[in-house]
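Everything below concerns the one structure shown next.
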Amino acid sequence: MTGSSQTSPANLGTVRVLLTGGAGYIGSHVALVLLERGDDVIVVDDFSNSSAEALRRVEQLTGKTVQVVEVDLADRAAADAALTDLEFDSVIHFAGLKAVGESVAQPSRYYRNNLMSTLNLLDIMREKDVRKFVFSSSATVYGTPAPGVARLDESQPIGRGVTNPYGWTKAMIEQIVTDVQRSWPELEAVLLRYFNPVGAHPSGQIGEDPSGVPNNLMPFVSQVAVGRREKVAVFGDQYDTPDGTGVRDYIHVMDLAEGHVAALRHLEPGVEAFNLGSGEGHSVLDVVRAYSEASGREIPYEIVAARAGDLATLIADPAKANERLDWRTTRSLAEACRDSWTWQSQNPNGFAGA
Ligand code: NAD
Ligand code: UDP
């Protein structure tokens, strides 16, 4: 992406963006894309699930500096102290806990962290009259779609059949943002419903670095490829899908990152939700095969019982984002596997090895 200093409705001028959770997987890639555009980036993170090394590498890759503030946004007094004197004109809110299983075991922690962070942030934004807000939501807000609905557009109901506290925090935050905007009409908010983010920056310098056993498919597959784990457990092969395994809409994290720039460009008073996905479905076995080809490694797998709460198929209808944000995915699953493998093979132990 190239930077531009001109401001016009169709063209986002340079911005000064606060990225909460900006040291994490998605935030670090968005930081990189914004810096490459010539924007200023401030990261606020408590590093509870990330490493400062990610931001050091973003600086190395871009030759730019990231202002970093370490704070727990769920702590109101600390958040006030940290943000009051910072200058920024927009916020992308990534900060939050995101492990579905953990959220079932520790619901209070998830609700407290994710909801309090957001409430504090929105209050502080209002006090500072910062009106531009992009929120990391998730396809999980669609819960359990009605039978026969596999491609989801934004008109689908939110919160119906959500099966875990993590998903509820996303649905609740969408409602909170909507209610806050009603009371503060100048707020310009976009809710980005991510489908399944995968891959890494093609340099292999930054990528997904889960702590403990990965919950998500691709980081698990990548750790099998690199020899950290023995085999992939495929959660069920009796779904009503072409090969019986679950089908998802995998989106390259660089496409996702570019979607955030498109969202910033789009902002206007109100709240608007957009799906960020490719519109294409791939099965678990498609991912295993694609990763095996990308890595040149055999990836052993075993079919095990289906995971509770999993759906057969979940694919985005990205038409609204394609049209209204003038954004679409351009990278394939094969490219995501290639870039993930570059990251994983160069950093077999993630940032911990640095
Ligand atoms: P991540 O865990 O890598 O990044 C989240 C960051 O937030 C971490 O750096 C963490 O340290 C920070 N954080 C958490 N609580 C905080 C707090 N109270 N104060 C300050 N910082 C805090 O996760 P990610 O994959 O980059 O996801 C970013 C956002 O996108 C999250 O909100 C997540 O729920 C959402 N999302 C992710 C996916 C996915 O598959 N990765 C899918 C849909 C939505
Ligand atoms: N999956 C799997 N084994 C794993 C992790 C995931 O078979 O170790 C499957 C899961 O059942 C789903 C797909 O891979 O069909 C994507 O799961 P993930 O947890 O990455 O994302 P989700 O769509 O559940 O948010």
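Brief remarks on what is shown
- Label-to-label distance, nm, for residues given as residue 298 and residue 75 (7 Å Cα→Cβ offset): 5.1 nm
- In whole percents, the pair-distance distribution calculated for the range 223-332 from its alpha-carbon pairs, binned every 10 Å from zero, is 13, 34, 30, 18, 5, 0.
- Per-selection Rg to Rh, the range 95-166 - Cα, Kirkwood hydrodynamic radius: 1.05
- Cα centre as origin, Lys/Arg/Asp/Glu Cβ charges: the range 85-125 dipole, Debye: 380 debye
- Remark: the residue 128-residue 155 segment gains 6.5 nm on full extension, using 0.36 nm per residue and subtracting the alpha carbon distance.
- Binned Cα-Cα distance frequencies in the range 73-136 - 10 Å width, integer %: 21, 50, 23, 7
- Isotropically averaged projected area of the range 269-354, using the convex hull of Cα atoms (one quarter of hull area), nm²: 9.1 nm²
- Candidates 196, 90, 185 compared by Cα position along the dipole of the chain: farthest toward the positive end lies 196, with charges placed on Cβ.
- Distance (nanometres) between label positions extended 7 Å along Cα→Cβ at residue 60 and residue 146: 5.2 nm
- For the residue pairs 64/320; 64/128; 98/128, the C-alpha atoms sit more than 31 angstrom apart in 64/320.
- At most 10 other Cβ within 10 Å, DSSP loop - GluC sites (Glu not before Pro), the range 290-354: 298
- Extension gain, residue 237 to residue 175: 0.36 nm times the residue separation minus the Cα-Cα distance gives 18.8 nm.
- Shape box of the chain [Cα atoms, principal axes, largest first, Å]: 53, 45, 39
- Here the range 19-160 yields Rg over Rh of 1.00, to two decimals, using C-alpha coordinates and the Kirkwood radius.
- Applying the criteria of a DSSP loop state and at most 16 other Cβ atoms within 10 Å to the GluC sites (Glu not before Pro) of the range 68-172 yields 87.
- Placing a label point 7 Å from the Cα of residue 230 along the Cα-to-Cβ direction, the residues of the range 301-345 with a backbone N closer than 16 Å are 301-305.
Laboratory data are not the source of any read-out in this text; all were calculated from the coordinates shown. These numbers were taken from a predicted model, which means no experiment stands behind them. Methodologically, a virtual Cβ is constructed for each residue, glycine included, from the backbone with ideal geometry; neighbour enumeration extends over all protein chains shown.
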